[in-house]
Amino acid sequence: MSKNVSIKYALDWTTVFFYVALVFMGWISIYGASYEFDQSSIFDWNQRAGKQFVWILTAFVLGGMLLLVDYKMYNFFAYIIYAAIMLLLIVTIFIAPDIKGSRSWLVLGPISFQPAELAKMATALALSKFMSSYNYKLKNWKDLIPLALIVLLPFVLIVLQKETGSALVFAAFLLMFYREGMNGIILLLTLFAVLLFVIVIRFSIIPIQVDQGTLGIVLSMGLILLVQFVYAFFVTKHRKEASFLLLGTLGLTLISIVLNIWFKVNFDYVALFVVIASCIYWIFVELFNRFKKYWMLVLISIGSVVFCFSSDYLFDKVLEPHQQIRIKVLLNMENDLTGAGYNVNQSKIAIGSGGFWGKGFLNGTQTKLNYVPEQDTDFIFCTVGEEHGFWGSTLVLVVYWLLLMRLLRIAERQRETFNRVYAYCVASILFFHLMINVGMVLGIMPVIGIPLPFFSYGGSSLWGFTIMLFILLRLDASRLERMR
């Protein structure tokens, strides 16, 4: 029979401490960001700090209630919770009002709520349920298909709500997949795709010569050939074949340059021809030498070519105009300091003006004069940098780092697959939010509008992260149930 240890002793109080510390620091920062000179108290319910205090109290109550639920219920109802949240996302598309170009907020009287914040928790539960099913192992591509479908459904629904930034958070689940056995090549391919996208978009506006191709396509094709060479030379150790590829590429490039002396050569077509020729070359190497190692390389190369030539279409059709401008500003394609680049520019000014020690609590001029838009939500971190300087920003990041390390420790000590997978989901999502939010405030990530966990103003975000974390704490507490 099982003996239940009291939740008071089984609960990971270290994680609770980090959670409360971040919530408290976030509340103070919200007060500092939204403070007005005639504001009397941090508890003023007419101001954002007072409203956030109410959300904090309700989040604490909600967290306590989640700890009282039998941990087996989260496993048992995982698919039902997922289905319910997906249905809510579908309903949101049709009934949510248009707020700043998106239809992602449900308005219930004075309260607005974003169901997308709950979708991350629901998806994590569904993935944990599926991956803990009997005899399931994430060993090959076929095993990944159902997991991809579970993730893609909320991703697509949130994109349809015009919330591409929130949808991108679901890419964080790739980190959990990798920990649970997914081939690392998928992560590398994801990074490779991002790099190709950036190269094509960034350099597509730079012509080699008039009507003779663009630098973006030539560089991207060159990168594909470089990957082929590195794979053959260093991975499969077929250095003779790799050398032939290099010589052939240099030869065709030299011939096209010489021909360009007499008539115009479109170097986009030359680069494309070289990549196609290389694919044919690897097919012959595969067939005649029976290496059986190059079919995947050929498929990846062809897929990369298709992706490169469709990147402009994806950029124009999938992303909203304001998102396109933000990416262009990040890549230095445009210098719009009064438009799309205004937020990031003012944020960097605010953080830089804080120096090492900061200007002091409630003394930030950038925030007090509202130079930084969304300074208590998506750009809350710039308030920390301005008021508390480098040391305050570092302290906040250290607390986040300690929380993430604690979550990884919790994940590693789980005896049940469901609990372990869910723990890695929570850690991955928190890491993704932290990396993107702080990165966009510092100007090294695109502005995609996602909150800083436990810090940014808003009940939806706080509730969403609280629910995720306290479900994990309840699952972790169950490890102390022992047989006697």
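Counting the residues of segment 217-263 that are loosely packed, with under 12 Cβ neighbours inside 10 Å, of a type outside the set (Val, Ile, Thr) and either in contact (Cβ under 8 Å) with a residue 40 or more places away in the chain or farther than 27 Å from LEU191 by Cα (or both) gives 6.
When the residues of segment 289-299 are filtered to those that are assigned to a helix (DSSP H, G or I) and closer than 16 Å to ALA242 by Cβ, the one that is modelled with the lowest pLDDT is ASN289. Somewhere in segment 414-429, is a residue closer than 20 Å to ALA49 by Cα, surrounded by 20 or more Cβ atoms within 10 Å (Cβ to Cβ) and either aliphatic (A, V, I, L, M) or not assigned by TED's automatic domain parsing to the domain that holds THR14 (or both)? No, segment 414-429 has no match at all.
For segment 190-225, a tally of residues being touching a Gly at 6+ places or on another chain (Cβ under 9 Å) and under 21 Å from THR249 (Cβ atoms) returns 3. Residues that are surrounded by fewer than 24 Cβ atoms within 10 Å (Cβ to Cβ) and either of a type in the set (Ser, Thr, Tyr) or not assigned by TED's automatic domain parsing to the domain that holds GLY364 (or both) within segment 376-392 comprise just one, THR377.
Restricting attention to segment 163-201, which residues are at pLDDT 85 or above, assigned by TED's automatic domain parsing to the domain that holds LEU127, more than 21 Å from THR417 (Cβ to Cβ) and surrounded by fewer than 19 Cβ atoms within 10 Å (Cβ to Cβ)? Across segment 163-201, the qualifying residues are LEU168, ALA171. Counting only helices (runs of 4 or more DSSP H) that sit wholly inside segment 12-126, those with at least 3 residues that are surrounded by fewer than 17 Cβ atoms within 10 Å (Cβ to Cβ) and among the β-branched types (Val, Ile, Thr) are 13-34, 48-68, 78-95. Taking into account only those residues within segment 428-484 that are among the hydroxyl-bearing types (Ser, Thr, Tyr) and in contact with an Asp or Glu (Cβ under 7 Å, 6 or more places away or on another chain), which is nearest to ALA21 (Cα to Cα)? The selected residue is SER456. Across segment 347-375, which residue is modelled with the highest pLDDT among those that are among the polar types (S, T, N, Q) and surrounded by 20 or more Cβ atoms within 10 Å (Cβ to Cβ)? Step by step, filter segment 347-375, then rank; the result is SER347.
The values are calculated or read from the model by the stated rules, or taken from the named source; none is laboratory data. Given the structure is predicted, the values throughout are model-derived calculations rather than measurements. For neighbour counting, all protein chains shown are included, and Cβ atoms are generated from backbone atoms with ideal geometry for every residue, glycine included.
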